[in-house]
1. Here is a list: A:97, A:48, A:27. Which entry is farther than 21 Å from residue A:180 by Cβ, assigned to a strand (DSSP E or B) and of a type in the set (A, V, I, L, M, F, W, C)?
2. Tell me, yes or no, whether region A:127-142 has at least one residue that is of a type outside the set (D, E, K, R), part of a helix (DSSP H, G or I) and assigned by TED's automatic domain parsing to the domain that holds residue A:230.
3. Filter region B:167-218 for residues that are hydroxyl-bearing (Ser, Thr, Tyr) and open to solvent by less than 60 Å² (accessible area, probe 1.4 Å); which is farthest from residue B:72 (Cα to Cα)?
4. Among the residues of region A:63-80, what is the count of those that are away from chain B (no Cβ under 14 Å), part of a loop (DSSP other than H, G, I, E, B) and either crowded, with 18+ Cβ neighbours inside 10 Å or on the phi > 0 side of the Ramachandran plot (or both)?
5. Could you tell me which residue of region A:147-167 is farthest from residue A:59 (Cα to Cα), considering only residues that are within 14 Å of chain B (Cβ to nearest Cβ) and open to solvent by 20 Å² or more (accessible area, probe 1.4 Å)?
6. Would you mind stating whether residue B:234 is in a helix (DSSP H, G or I), away from chain A (no Cβ under 11 Å), over 30 Å from residue B:332 (Cβ atoms) and without any contact (Cβ under 8 Å) to a residue 24 or more places away in the chain?
7. Identify the single condition in (1) touching a Pro at 6+ places or on another chain (Cβ under 9 Å); (2) open to solvent by less than 10 Å² (accessible area, probe 1.4 Å); (3) closer than 22 Å to residue A:180 by Cα that residue A:57 does not satisfy, given that it satisfies every other one.
8. Grab the helices (runs of 4 or more DSSP H) fully contained in region B:251-349, keeping just those with 3 or more residues being touching a Cys at 6+ places or on another chain (Cβ under 8 Å).
Amino acid sequence: MLRRRPRPLPQNPPPGTVLAEARALRVVLAGRTVLDGVGIGVRAGEVVALVGPNGAGKSTLLAALARDLPAAGGRVAIAGRPAAEWGAAELALRRAVLPQAAELRFPFTVEEVVRMGRAPWAGTGAEEEDDAAVAEAMRLTEVAGFAPRPFSALSGGERARVALARVLAQRTPLLLLDEPTAALDLRHQELVLRVCRERAAAGCAVVVVLHDLGLAGAYADRVAVLHEGRIAADGPPSAVFEAEMIGRVYGQPVEVIKHPATGEPLVLPIRDGRNFAP
Amino acid sequence: MSTRAATAAARPRTVPVVLGAAMTAALVLACLASAGTGAYDIPLGDVVGSLLHRTGLGGAELDRVGESVLWNVRLPRVVLALLVGSSLGCAGALTQGVFGNPLAEPAVIGVSMGSAVGAVASIALGLGFLGTWTVSACAFVSGLVTVLAVYALSRSGGRTEVVTLLLTGIAMNAFAGALIGLGVFLADNAQVSQIAFWQLGSLAQATWPKVLAVLPCAVAGLAVAPLYARRLDLLALGERPARHLGVDVERLRLVLVLVVALLTAAAVAVAGVVAFVGLLVPHLLRMVAGPGHRFLVPGSAVGGALVLVSADLAARTAVQPAELPLGVLTALVGSPFFFVLLRRARRGRGGWM
């Protein structure tokens, strides 16, 4: 009763398998309907960006896909099974979640925090990969340099990368990342999205909440735009980034131009020039 | 901040092993010293000899008086100090882990006084439905109610703020104090002196039946606690991340609250409210060996036992032939430490308070 029972380990899903899915999802928080009629599917091998204005329901959708929040209506499935049917330990082998803010109650070191990501695999055959997984996660996020330092002594951006390293060390086929780039400098924002692409290339499904439409356009296979608790558009960036719709959703006129070299769509707010005189 | 980083950087993985071995060795020595020291001194070699003799490993019997002093007076007391100390240390480490707060400790947050209410009630009302286990059982039940109440009252939004926790503890201690006062009011003269003496926190009336009375609570709690150490580490990330890593947070919390109530009841039922051991020991160990609970939980049990055996030895030898109440001694030494902690919390070291 006190020890963990041995469990069947998840097989690596073939590319294209739907790893997280919401159908007609409705989520109610404190009496307010935050999500309504949301449908989305995320497949192994793709990066899906959730974008939208503040309060549109991005983090709520991510939390529902992570089974942090119960569905008031509709259904959520993770790895092909209704979310509610998974046990906590089994689910931890299949999806990893990066929260918006990383906190830590005691002065654990960076390496200890990253190693916590291996906890779900304790007592399974994959335990042998622990050291390799921790080292790889720290290398990818460039935190190996301060591995022995206490987490509490790091800057906000460093903490965010350590939290991401912990999530990567968990080595699950589904990654749910809530604003992983919020506290990061330009270089590390690119680094994190490159890591997302690499994980997708390795067969993972990656869902990432982003504020920066430029990053979403450059790295995501699909962009889902949330607006007032519904999905306003869902598709490849070139189809979704359309000036009228983006302008309406954000309440800010924008123009969409093609990058002169790569041709990827760039969303730019329409500004009245640099004339700030009254 | 830089000194903190330096300590952590210089913290190799062997530190917990060395520290654990050193504490265990010191504990064995303290136990032998405590068994031999007192109004009737027994040399260390004779103590060991008698222990070996009784366990059938050779050695030699002492004379009649020595044998009686050692086996009927000293050893029950040493064993009781071991049980109470390890229970207090372990309960402290668990409480801090569950609340995610290094200032949480059964006595500070009111759980010890809550347990005391049950113990006083059973003495004052002359209850005896479970024989020698009655006081422990009553202390356990009222301690459990208290720890659940403190937990429910001091948390909001999945977090326990230091101020809320301490204020809840103050309110709980005041309420429990009033109930104990009521118990004293209802008790007759003999019961009143029994309660008063017990409340100061003392091991003076240690007997083997008393050891047996707390043994089940203490052993059960100490045996279960280390099984949850790794999950306590994950809880430091917050409740949601812990759940994402496969921890059944609700069950973890429930089990550990039960264990804390068991351990606190074991300590309080015999020794009254002995404060600050559960605060001081895990804190010092965390500073030296890091916050990992796989060392901290069993380490705090050993450390708590070491502190209590030593404190009891000091309490009964410092002002011979009189004896200091143990609770008074630990509070005298522990309170200044608590002030230091509060000051450091105010300076906000890295936001982990």
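The values are calculated or read from the model by the stated rules, or taken from the named source; none is laboratory data. Keep in mind that what you see is a predicted model, and the values were worked out from it rather than measured. A quick note on method: Cβ atoms are made from the backbone with ideal geometry, for glycine too, and the neighbour counts reach across all protein chains shown. All accessible areas refer to the heavy atoms of the entire protein, side chains included, with ligands and DNA or RNA removed. Shrake-Rupley method; radii C 1.70, N 1.55, O 1.52, S 1.80 Å.
1. On the way: A:97 fails: farther than 21 Å from residue A:180 by Cβ; A:48 fails: farther than 21 Å from residue A:180 by Cβ.
Just one listed residue meets the conditions, A:27.
2. Initially, region A:127-142 is screened for residues of a type outside the set (D, E, K, R), giving A:132-135, A:137-138, A:140-141.
Restricting the remaining residues to those that are part of a helix (DSSP H, G or I) gives A:132-135, A:137-138, A:140.
Now drop any that are not assigned by TED's automatic domain parsing to the domain that holds residue A:230, which leaves none.
Taking every residue of region A:127-142 in turn, none turns out to be of a type outside the set (D, E, K, R), part of a helix (DSSP H, G or I) and assigned by TED's automatic domain parsing to the domain that holds residue A:230.
3. First, the residues of region B:167-218 that are hydroxyl-bearing (Ser, Thr, Tyr): B:168, B:193, B:202, B:207.
If we keep only those that are open to solvent by less than 60 Å² (accessible area, probe 1.4 Å) too, we end up with B:168, B:202, B:207.
On the way: B:168: 42, B:202: 17, B:207: 7 Å.
So the residue we want is B:168.
4. 3
5. Taking region A:147-167 first, the residues within 14 Å of chain B (Cβ to nearest Cβ) are A:147-156, A:158-160, A:162-167.
In the following step, the residues that additionally are open to solvent by 20 Å² or more (accessible area, probe 1.4 Å) were identified as A:148-149, A:153, A:155-156, A:158-160.
Working: A:148: 32, A:149: 30, A:153: 27, A:155: 23, A:156: 20, A:158: 22, A:159: 20, A:160: 16 Å.
Filtering first and then ranking leaves A:148.
6. Working: in a helix (DSSP H, G or I): yes; away from chain A (no Cβ under 11 Å): no; over 30 Å from residue B:332 (Cβ atoms): yes; without any contact (Cβ under 8 Å) to a residue 24 or more places away in the chain: yes.
Spelling it out, it is not the case that residue B:234 is in a helix (DSSP H, G or I), away from chain A (no Cβ under 11 Å), over 30 Å from residue B:332 (Cβ atoms) and without any contact (Cβ under 8 Å) to a residue 24 or more places away in the chain.
7. The number of the failed condition is (1).
8. Values: elements: B:277-289, B:293-317, B:326-346.
Of the helices (runs of 4 or more DSSP H) lying wholly inside region B:251-349, those with at least 3 residues that are touching a Cys at 6+ places or on another chain (Cβ under 8 Å) span B:293-317.
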